[in-house]
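Presented below is the structure to which this report refers.
Computed from the coordinates by the stated procedures, all read-outs in this text should not be read as laboratory data. Because the structure is a prediction, the values reported are computed rather than measured. Cβ coordinates were reconstructed from backbone atoms using ideal geometry, including for glycine residues, and neighbour counts include every protein chain displayed.
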Amino acid sequence: MGILGDAPQRIAVPCWEIADHVTGETVSFGEDGEAFEFFSALFTFDHTAGEPLSALLPDVVHIALPKSDAGRMLSILEQIGAEEAQASLGSAYVVGRLLDVLFIQAIRTWANSAGNLPEGWLAGLTHRQLAQTLQRIHADLTRPWTLEQLARDAGMSRSTFAALFRSVVGVPSLTYITTWRIYRAKLLLAAGHSIAVAAQQTGYGSDIALSRAFKAAIGVSPGQWRRERQTARRSAAPA
């Protein structure tokens, strides 16, 4: 859990200490001072589903909002506040969707800030010359992509495309495609699909081909990965 402070010169305190002083929607903590409002939310992700994004994010994401983005964020927060205050029919659902939008806007603003975005798929999706290539890849992961085809679609030579892709995304293009195919296979296996179905929907054609690629990437077979994941989920489930 994080820490919270109201001024740079003060020692920040753990949030759990402040949480002990919550009464309804009010927190009375510390010495007398000017009242203020703050907003907090907790997002949880399935480890497998959130894997591509969590791998790119630092432990702490600090966002310095330009005026245009600050206006959007404030508008979302005001809508959340209005829903919470009214408690109308469907408010909980609306607040949940608004929180999703708030999270997306925060990540978008962070990604667009100079110097923040590391190499990876987000960098590729925001790159002027590679964005459409990555969109085509993700729209059809089952397609038997080749370096020649990717370079031709991007209007570049093989060598130029290969060098640009690796410099922006961090890995060769075909390695990138394999990584996302394995990720999609994980999602399918976690959802209860068979290895054969996962293979068909990730472009491998057979469970043997998927098993070979999966083990090379993850270190275990798809079946063993699924069993280990199920065991971990049962262990983490509350009694």
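Results, tabulated for the structure shown:
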quantity	calculated
Percent RCO, i.e. relative contact order, over the chain, from Cα pairs under 8 Å lying at least 6 residues apart	11
Helix-only CD estimate at 222 nm, as mean residue ellipticity for the chain, using -39500 (n - 2.57) per DSSP H run (n ≥ 4)	-17000 deg cm²/dmol
Gaussian network model of the chain, Cα within-10 Å springs - most flexible of I177, I195, I218	I218
C-alpha long axis of helix 222-236 to longest principal axis of the chain, angle in °	10
Coil-residue chymotrypsin sites (Phe, Trp or Tyr not before Pro) of segment 14-78, DSSP, other Cβ within 10 Å capped at 12	F36, F38, F39, F43, F45
Total formal charge among the other residues, if their Cβ is under 12 angstrom from that of L189, Lys/Arg +1 and Asp/Glu -1	+3
For segment 71-87, 3J(HN,Hα) per residue [Karplus equation, 6.51 cos²θ - 1.76 cosθ + 1.60, θ = phi - 60°, Hz, x = Gly/Pro]	x, 5, 5, 5, 4, 5, 5, 5, 5, 4, x, 5, 5, 5, 6, 7, 6
Candidates V95, V168, V22, ranked by Gaussian network fluctuation over the chain, Cα under 10 Å, top entry	V22
Loop trypsin sites (Lys or Arg not before Pro), segment 155-239, which have at most 10 other Cβ atoms in a 10 Å radius of their Cβ (DSSP)	none
Relative contact order for segment 60-112, counting Cα pairs under 8 Å that sit 6 or more residues apart, in percent	53
Full-extension gain in nm, K67 to H21, via 0.36 nm per residue minus C-alpha separation	13.2 nm
Label assignment, percent of Cα pairs over 21 Å apart derived from the structure, set (1) 63; (2) 71; (3) 57	(2)
Amide N of segment 20-41 lying under 11 Å from the label point, which is placed 7 angstrom from the Cα of A7 along Cα→Cβ	33-34
Cβ-based net charge around V95, under 13 Å, with every Lys or Arg adding one and every Asp or Glu removing one	-3
Acute angle (nearest 10 degrees) that the helix 173-190 long axis makes with the longest principal axis of the chain, alpha-carbon atoms	70
Sites L53 and A85 - FRET efficiency at Förster radius 35 Å, r taken between beta-carbons, to 0.05	0.65
Label-point separation, A92 to A35 (7 Å along Cα→Cβ), nm	2.8
